[in-house]
Structures are given as structure tokens and as C-alpha cells.
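Engineer: Sharing a structure with you now.
The values are calculated or read from the model by the stated rules, or taken from the named source; none is laboratory data. Just so it is clear, the structure is predicted and the values come from calculations on it, not from any experiment. All Cβ positions, glycine included, derive from the backbone under ideal geometry; neighbour counts span all protein chains shown.
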Amino acid sequence: MGTDFDLLAGRLWSRRLGRALPVRSTYSVAPDPPETFGIAFIRVAGEERVQAVAYGLMGACPSVITICNPLARGAHELEPFARALDEYLMGCYTRKRLPRVWLAHPAALTVLDLLGYRYQSNRHASEELRTMGRQCRALCEEAIFPGQQVLAVASMLLTEHIVTGQSTVEDQHLGAVLAWVDPPQGHDPATESQRRSLVPAAALLDQGRDKKVERLRRLARKCESRSELESTNGQIHALLEEGVAQEWSLLEEARTAFWRLGLAPAPPSYTERLVEASRDRLRYFLSFGANQPSRPHSLARRLDTYEYLAALVEERDACSDALVRERMRKAGRVIAVRVESVDQPGPGRNPCTLTLTTDQHVQRVRPGTVLKSADGRIRGRVVTLAQSGEGQRHIIFRLLEGVRKGRPRVGQLLDLIDTVPFDPRRVKRDVYKLMREDESPIVYHRRLPPSVPRHALPDRLLDLAEGRFRR
Amino acid sequence: MSLTGARGLARISQNPRCDLQTAMVVGQVDEVEFYEALTRRQFEGEYGERASARRRGDKFEASLHGNNAANLRRILAPRFGYDCERMYVRSLTDEIPDHMADAHRRRYLRTERVLADVAGGYEPPSVPHLLIEPQLRLPVSGSRFVYVAPDFAVFDPAAKCYVVGEEKSMIVRGGSPDRVDLERTRRQAGAETLALRALAEQLNLCARVRDRAIFVFSSPFDVTPHPPVEEYLHAEVSEIRRALERYRAVSEELQVYGRRDEKKIIAHTHQLRINFQNSCLSSCALFYHCKSRVSETVLVLGDEAGDVFGGATELEHLYALADGTAEASSAEEAALAARLRETAALLGVEGIYSGKG
């Protein structure tokens, strides 16, 4: 993948300005529903086990669970979290609303996923915890789908919408990014970013607190009296609460900073499809489980879904986000054209052929390319291309849709985009059915069939060419 | 972030053009102390492995090696067609614990004897099916070596030689571990493979050693191992070779030969080349020190900026080109200036330059 020059140059200008710069003009996610659920973890490094969690509705005071002995077998301490998550998700479905769960960064997503793996079918856990496991897995499985609208990982959303004046690798620290998004008055964001990078933002205690907790846990194992044990555990709880409060605070700050970017919402005509797809998929995962596909057909169907959703996301961005559209134009994916003539023998009917001209420097168009207008009114196929003057190109364009009301006028200027989503899944279902009936060993079996011996080539290749050779 | 053995070579291989890092590996410095001696400031960041991570690693290793490596035998046996109950295991760290004098060299000699038996035509059970922590070494200069120790080596009956293996307690989900962690582990294994080949060469076994290794990671469930993964390491072996060349070159330049010598390295720091790049953030304690050395250049924006604008290009020069206060010295610079202005216009910050260009 080539470097996007505009994003790189954007970093240069961001550094000059001393603040982050938006690289989108619209939000890639639908607005937050009235109630959103936040989760912040503190994990045990290496074990990736939860030792503290803050959770609850964003904008309100979170509930906090701290676990003195996170490696112990039982996990009943997490049951209040399990109940709260279940209540939120089921409440959303009852009210036919999209759930929205906020996490601070990918490390929190990993912890959520591992909770899912460890509890979804754990026979030693309570039913509440198993439900929590299934719900965590469902959320994490949904997070992989392009354009999904359920799981909001703050650091990923922010870096998708802005560039900072530092490197991409430094952007992986959410605190460092926030120093650029919301620079404190009178402070150089680069210096502030470096200062904030000293404190982990990866669902971990800072090293100082971590060492104290480790020491207290060792002490707790040697306590001889109940009061001594309670006192030691009390200190552990306090340190864990401080740590998770910091993570929650970072999450709240990131979410607020994100919505304060002040971008426009994407038009509902594009967003609704993605929201509906997200809601339906999550409902399916919650009802039937979020097992990852492993067989040929289910894997192929999953890839088809990813591809189709990625095309929907790209179409939304190209059609409704001016900044993204301009970047796509520079890559030749969006072409500015002028309608020179319209050839339509029967008014309002097929065939309808447009002659277009463009002097755009970069165009990724060839005969057969299907293009649609950014306003969605027309769709067509490129028939031929020809150079017509210095830097100018003629495009003969046969309309497939929009021959009536959407038909452009002579002289009209249009943006044509090459993202024309096509949902292949229904067609492919039939293809997979035929494939299963055919049962080719290359696809379905573990071993390849024995090779078919080749016949020796004839002495006279001319005979072969003239079809006289018989097997 | 260790600087010793295979990990040190793996670090050099990630940034072979950084002679300062290579010097730190050669000099076996304590990174934090080195930072503080070099910068005369307290190291403020976090450094070192967390106790819980180290404990998990030890627990994972113990679970694999305990009971005559029962768990390790169980997961490796099917891959090589062995009966796991009949696998002959030798643990060189059990035979020669670390506290014994000259432990590395003695373990190396025992490993050498095992390979010599293989060269003599012996196969398991006359030689072990499984070696736990065999000792290998890589020649660096003259008679000097870097000792490396794979977590295990398993005899492959098809290749009639051992394959090195690494055990990592990192958790695998969806069939693959974290990419960054896997990259480091692959480089470490690359160093170990090269060391095995160096020993095999002496015994005319070189043709049997392939650039591959076995990796054993953890499942999400406690320290239960994930099924082993075999990977080919051609690129990593090649990069470790390059790392060794740099190790030798810097060692010769500084006249530091595998013993701790921070003072000498600090004395030569000004003449040691640095190569600031993205990967330094997660691997080197000197990240912010080196960043301050390149703070006027585009490298502060990341590797991509260095590739596109040229690593030594100063930020102020680009700003001056864009706002016309500096003359473009070539058609390329003029085009670059125009593109920078276009981007400023696209992002709505054209007021940032005076637009004289």
C-alpha cells in the first residue's frame, strides 16, 4: 500500500499549527445513542486477566470492581459486571436501539475478547458469567466487520479522523494523541504528548503501583490474622481503584474529544444500512454464538461479507465526505468529468450513452469499469477512452441506471466514483450449493486426488494443433 | 528489551544501521544506567518486564518442562511421528545448572557431543528426541562468541537433524499471536538457527539444518499450550547475519569484546551513528534521547516521512518551501512545495503559510 501523501503532509502542518487536524469531514460512526456503555480494565500483565474493571453508562459515575487475587479459580467478583452488561445489551434490543460500547484502546478490546474465550463455555463458571463470556465474544467478533457501529475503540476512532504532529507509532498511546487533539493552553503538544506517554495507557497499572500491588499480594499470602489480611487487601483495592479510575477518565476524555471534533454526521441514507447490518449481526451473535468460521463455505461467506461492507463504507465516504473524496480523487478513484453530449434515441429509455471529458491528472479507469455519480443518480459502464487533447480524455459512458430522472444535462459537471457496491452473497449461495454438489477434493478434502498421468505429446505437433490427436 | 544473547542480536537486526544500539549490545550495558550516564537525567519512563509477565513465562516453561517435559512431548510427538511416552529427553540446564562455573561452555560441549553423535549416524533413541535448553554459540570475531540457547531442540526424523524451538507464554487467539511479539520471537529463533548451523558446519551436518523453527505459544486458558507452529525463517536468518556483521564491525571499532564497558561506549557516543525509526519506541530506552537529536528533521513524524521527504530534510526547510521563503532547488522540490500547499488547502489551513510561492 502506498503512503497517503496528504496524511503525511497533514502531520507536517499539524506540527506547525500545534494541534491535530481532521482528515475527514464526517464521522465514520453514527451518533451515540442516548445511552452508551463504557468499560475500562486493568489487567495482570502477561496473564491478561482482569484485576479491576470500571463500567457503566458513559457520562455517569462508573461502578468499579477490584480483585485481590485475579489468578484464583473462581471469578464471582465479575458477576455484577456481567449483570450490568447483560442489562444494557438486552435493554437496547428491547427498545430496538443499537448498543454502543466504548473502550479506550485495542488493549482493552483484547482483554474483553479473552474474557469471552475464557468464560463463554466454562463449566466451572456461573450461568451469568457464561452469558457475559458469550456477549464479550459477540462484541469482539462484531468489531472486526468494516463499518460496524457497535464497538467504539476511542484511540482507533480518533486516529481514523485526525492526524497529529507526531509519528503513527506514538499515536498508539491514547494520552499522547489527546495531547494533540486537545492541547492544554500554553503547552507545546509535543512535550505534553511525551509527558503523557510516560504513564501506560494499555489497561495496565503504572510500574510503581504494579510493584506495590505485587508486594502486597506476597504479604497477603503470609498474613496471620484476619485484620492484617483485610488491611493488606484494602491497600490492594485502593491501588487498583486508582489505576482503573485513571483508565476510565482517559476513556471519558477520549470520547468527549472525539465528539468535540465537530464533524458532520454522514447522511442517514448511508449510515442506516451499516447500523442495521451491525444490529442484526450482533443480535445473531448474541443468540447463536460468535464462533469463527472454519469451513470453506462459511469462510468464503464471511469474506464476501467483509468485502461488501468495505465497499459500502468506501461508497459512504466517497459520496458524503468531502475530504475523503478529494484524497480519493488524487488517487484516481474519483474523477471529475464534464458531460459533452447525450445520445439517447428514445427519451427516458435505454440505451443512453454519454460523452464525457476530463482533464484530471490521475484516473483509474479503463473500458468496462463501472462508475456511479457521487450523488447516486446515475450508474454506468465505461465503453471506450481516448486522448482528445493535451491532458484531456474523452470517455464514452453507457448508462445502466438513471436513464430517466437522473439523466445528466449537457455541460453538467459530475464526480464519478469507482466504488459501486454489489452484494454477491445471494448469487454466491447458489454457487456454493453447486460446488458442494460437485465436491471437488481441492476444496473439500484433506488430501489431493492422485495425479492423472499425462499422455505423451504426439510426434507431430501439427496434428495436435489440427485436432487430429485423440486421447 | 534484553541486550544479551539471541535477544540482543534480534534487536540489532531490527535496526542494523543504528551503531549506538549495536554498541549497547556489544558492551552488554544496563540500558537504564546507560541512559542516565549518557543524558545525565533520570530515566522517567517504564522499563523492564513486569513481575507478573516474568512469572507467567516461568510458569509456562515449567509446565512444559516438568515431569520430563511431559506436556512438550505430548504436543510435539504427533508432528514428528513419535510415541510421546517413549521420547528420550535431556535437559542441559538440569545437567549443568546456571550456578555452576563455566556453565555455558560446558553445556555447549555437551550439545556439541550430541550433534557429533548425529553426524556419526546415530538417531533417537541413541540420541535424545528432545533437548531442553541446548547451548549454541555464534562466532563474532576471532575466538569470541555470543552464546544463544533455544528453549528446546527436537529431532526431525525426516531431516535427520534437530530443529530449534521457542516457547512463549503470549496468548494466541484465532490461531495467531500478536504480530509485534511474533516478529521478535522469529528473529530470536533466526539467531538460534544460525547458531545451530554454525555447529552443524563443523560436523558436516550443515545440509540438514533448514531455516525453520517450532514455536509453542499459550492458549487463552491458563498456561495450556497452543498446538505448535512451524515457521520458515529465511528472512530472519538473513537479517541476523547482517546483525552479526554489524556486531563485529562495532566491536572492532570500539575495541569492546563482549564484556560490560559502558564508559568506553559513552566516550564514543558522538561518533556512533544513530538510526532513529518507529520501532525504537517499543524496543529502546534511548527513544526520546535519539528523538531529540533528530527533532529538527522530518524523522519526528515517523519512518514514512523519512521515506517520502528524505530523512535528513529539516522541517523548517519544508515550511519555507511551502510558503515561498525558500527557493526550490529543483523541479522535484517545486512540485513538493505545490503539493504541500495543496494539502494545506485541502485540510483548511492554508492561512498557515503566506502563500507567496
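Here's the yes/no breakdown for (1) more than 23 Å from the chain's Cα centre (by Cα); (2) at pLDDT below 95:
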position	(1), (2)
B:65	yes, no
B:71	yes, no
B:76	yes, no
B:91	yes, no
B:99	yes, yes
B:119	yes, no
B:132	no, no
B:136	no, no
B:151	no, no
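Engineer: Only one of A:367, A:351 is part of a loop (DSSP other than H, G, I, E, B), of a type outside the set (Phe, Trp, Tyr) and over 34 Å from the mean Cα position of the chain (by Cα). Can you tell me which?
Structural biologist: On inspection, the qualifying residue turns out to be A:351.
Engineer: Within the stretch A:102-124, track down each residue that is in contact with a helix residue (DSSP H, G or I) (Cβ under 6 Å, 6 or more places away or on another chain), outside any loop (DSSP other than H, G, I, E, B) and more than 14 Å from chain B (Cβ to nearest Cβ).
Structural biologist: If the condition is that a residue be in contact with a helix residue (DSSP H, G or I) (Cβ under 6 Å, 6 or more places away or on another chain), outside any loop (DSSP other than H, G, I, E, B) and more than 14 Å from chain B (Cβ to nearest Cβ), then A:102, A:103 are the ones that fit.
Engineer: Please specify each residue of the stretch A:149-166 satisfying the condition of being surrounded by fewer than 24 Cβ atoms within 10 Å (Cβ to Cβ) and part of a helix (DSSP H, G or I).
Structural biologist: A:156, A:157, A:158, A:159, A:160, A:161
Engineer: Further question: Given the criterion modelled with pLDDT of 95 or more, surrounded by fewer than 21 Cβ atoms within 10 Å (Cβ to Cβ) and either in a helix (DSSP H, G or I) or within 14 Å of chain A (Cβ to nearest Cβ) (or both), identify the matching residue among B:248, B:242.
Structural biologist: Result: B:242 is the single residue among B:248, B:242 that is modelled with pLDDT of 95 or more, surrounded by fewer than 21 Cβ atoms within 10 Å (Cβ to Cβ) and either in a helix (DSSP H, G or I) or within 14 Å of chain A (Cβ to nearest Cβ) (or both).
Engineer: For residues that are without any contact (Cβ under 8 Å) to a residue 60 or more places away in the chain, touching a helix residue (DSSP H, G or I) at 6+ places or on another chain (Cβ under 6 Å) and surrounded by fewer than 24 Cβ atoms within 10 Å (Cβ to Cβ), scanning just the stretch B:141-167, find the one that is nearest to residue B:201 (Cα to Cα).
Structural biologist: B:161
Engineer: So residue A:420 passes all but one of these: (1) part of a loop (DSSP other than H, G, I, E, B); (2) within 25 Å of residue A:346 (Cα to Cα). Which condition number does it fail?
Structural biologist: (2) is the only condition that residue A:420 fails.
Engineer: Taking the stretch B:114-140, which residues are touching a residue at least 12 places away in the same chain (Cβ under 8 Å) and charged (D, E, K, R)?
Structural biologist: B:123, B:133, B:137
Engineer: Scan the stretch A:167-177 residue by residue and report those that are free of Cβ contacts under 8 Å to residues at least 40 places away in the same chain, assigned to a helix (DSSP H, G or I) and farther than 23 Å from residue A:324 by Cα.
Structural biologist: If the condition is that a residue be free of Cβ contacts under 8 Å to residues at least 40 places away in the same chain, assigned to a helix (DSSP H, G or I) and farther than 23 Å from residue A:324 by Cα, then A:170, A:176 are the ones that fit.
Engineer: Name the residue, out of A:333, A:377, that is under 23 Å from the mean Cα position of the chain (by Cα) and either at pLDDT 95 or above or surrounded by 14 or more Cβ atoms within 10 Å (Cβ to Cβ) (or both).
Structural biologist: A:333
Engineer: Is the stretch A:178-191 home to any residue that is within 14 Å of chain B (Cβ to nearest Cβ), part of a loop (DSSP other than H, G, I, E, B), buried (at least 22 other Cβ atoms within 10 Å of the Cβ) and at pLDDT 95 or above?
Structural biologist: No.
Engineer: A follow-up question, please. Only one of these is among the polar types (S, T, N, Q) and farther than 18 Å from residue A:341 by Cβ: A:419, A:384, A:357. Name it.
Structural biologist: A:419
Engineer: Suppose the filter is facing chain B (nearest Cβ under 10 Å), among the β-branched types (Val, Ile, Thr) and not in a loop (DSSP other than H, G, I, E, B); does residue A:199 pass it?
Structural biologist: So residue A:199 fails the test.
Engineer: Go through A:83, A:73, A:97 for me and flag whichever is out of contact with any Gly (no Cβ under 9 Å at 6 or more places or on another chain), more than 25 Å from residue A:201 (Cβ to Cβ) and in a loop (DSSP other than H, G, I, E, B).
Structural biologist: A:73
Engineer: Please give the helices (runs of 4 or more DSSP H) falling wholly within the stretch A:264-341 in which 1 or more residues are within 14 Å of chain B (Cβ to nearest Cβ) and closer than 30 Å to residue A:359 by Cβ.
Structural biologist: Once the helices (runs of 4 or more DSSP H) in the stretch A:264-341 are filtered for at least 1 residues that are within 14 Å of chain B (Cβ to nearest Cβ) and closer than 30 Å to residue A:359 by Cβ, what remains is A:322-330.
Engineer: Here's another thing I want to ask about it. Under 9 Å between Cβ atoms, at least 6 apart or on separate chains: pull out the pairs that start in the stretch B:276-298 with a residue that is acidic (Asp, Glu) and end on any residue that is surrounded by 17 or more Cβ atoms within 10 Å (Cβ to Cβ).
Structural biologist: Final answer for the pair search is B:296/B:315.
Engineer: Can you find a residue in the stretch B:19-35 that is in a helix (DSSP H, G or I), facing another protein chain (nearest Cβ under 8 Å), at pLDDT 90 or above and closer than 22 Å to residue B:146 by Cβ?
Structural biologist: No: the stretch B:19-35 contains no residue that is in a helix (DSSP H, G or I), facing another protein chain (nearest Cβ under 8 Å), at pLDDT 90 or above and closer than 22 Å to residue B:146 by Cβ.
Okay, residues lined up against (1) within 30 Å of residue B:180 (Cα to Cα); (2) buried (at least 16 other Cβ atoms within 10 Å of the Cβ); (3) within 13 Å of chain A (Cβ to nearest Cβ):
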position	(1), (2), (3)
B:264	no, no, no
B:275	yes, yes, no
B:284	yes, yes, yes
B:288	yes, yes, yes
B:298	yes, yes, yes
B:303	yes, yes, yes
B:335	no, no, yes
B:344	no, yes, yes
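Engineer: Here are some conditions: (1) surrounded by fewer than 14 Cβ atoms within 10 Å (Cβ to Cβ); (2) within 22 Å of residue A:330 (Cα to Cα). Residue A:431 meets all but one. Which one does it not meet?
Structural biologist: Among (1) surrounded by fewer than 14 Cβ atoms within 10 Å (Cβ to Cβ); (2) within 22 Å of residue A:330 (Cα to Cα), the lone unmet condition for residue A:431 is (2).
Engineer: Now, a different point. Only one residue in A:250, A:216, A:239, A:204 is under 26 Å from residue A:47 (Cβ atoms) and assigned to a loop (DSSP other than H, G, I, E, B), so which one is that?
Structural biologist: Of the residues listed, the single one that is under 26 Å from residue A:47 (Cβ atoms) and assigned to a loop (DSSP other than H, G, I, E, B) is A:204.
Engineer: Also, quick follow-up: Does residue B:213 satisfy being assigned to a helix (DSSP H, G or I) and buried (at least 17 other Cβ atoms within 10 Å of the Cβ)?
Structural biologist: It is false that residue B:213 is assigned to a helix (DSSP H, G or I) and buried (at least 17 other Cβ atoms within 10 Å of the Cβ).
Engineer: Of B:180, B:209, which residue is closer than 20 Å to residue B:114 by Cα and of a type in the set (A, V, I, L, M)?
Structural biologist: Of B:180, B:209, the one residue that is closer than 20 Å to residue B:114 by Cα and of a type in the set (A, V, I, L, M) is B:209.
Engineer: Also, quick follow-up: Restricting attention to the stretch A:397-424, report how many residues are within 15 Å of residue A:308 (Cα to Cα) and surrounded by 12 or more Cβ atoms within 10 Å (Cβ to Cβ).
Structural biologist: 6
Engineer: I'm trying to understand the selection: among the residues of the stretch B:36-47, which are closer than 19 Å to residue A:196 by Cα and either more than 8 Å from chain A (Cβ to nearest Cβ) or under 23 Å from the mean Cα position of the chain (by Cα) (or both)?
Structural biologist: Correct list: B:41, B:42, B:43, B:45, B:46, B:47.
Engineer: Residue B:253 - would you say it is over 28 Å from residue B:42 (Cβ atoms) and either away from every other protein chain (no Cβ under 14 Å) or not in a helix (DSSP H, G or I) (or both)?
Structural biologist: Judged against the criteria, residue B:253 is a match.
Engineer: To continue, here is another question. Considering only residues of the stretch A:249-267 that are surrounded by fewer than 18 Cβ atoms within 10 Å (Cβ to Cβ) and of a type in the set (Gly, Ala, Ser), which is nearest to residue A:28 (Cα to Cα)?
Structural biologist: Filtering the stretch A:249-267 for residues that are surrounded by fewer than 18 Cβ atoms within 10 Å (Cβ to Cβ) and of a type in the set (Gly, Ala, Ser), the one nearest to residue A:28 (Cα to Cα) comes out as A:264.
Engineer: Can you tell me which residues in the stretch A:125-148 are in a loop (DSSP other than H, G, I, E, B) and under 21 Å from the mean Cα position of the chain (by Cα)?
Structural biologist: A:143, A:144, A:145, A:146, A:147, A:148
Engineer: To continue, here is another question. Step by step: first the residues of the stretch A:1-48, then only those that are of a type in the set (Phe, Trp, Tyr) and facing chain B (nearest Cβ under 7 Å), then the one that is farthest from residue A:324 (Cα to Cα). Which residue is that?
Structural biologist: So, considering only residues that are of a type in the set (Phe, Trp, Tyr) and facing chain B (nearest Cβ under 7 Å), the one farthest from residue A:324 (Cα to Cα) is A:13.
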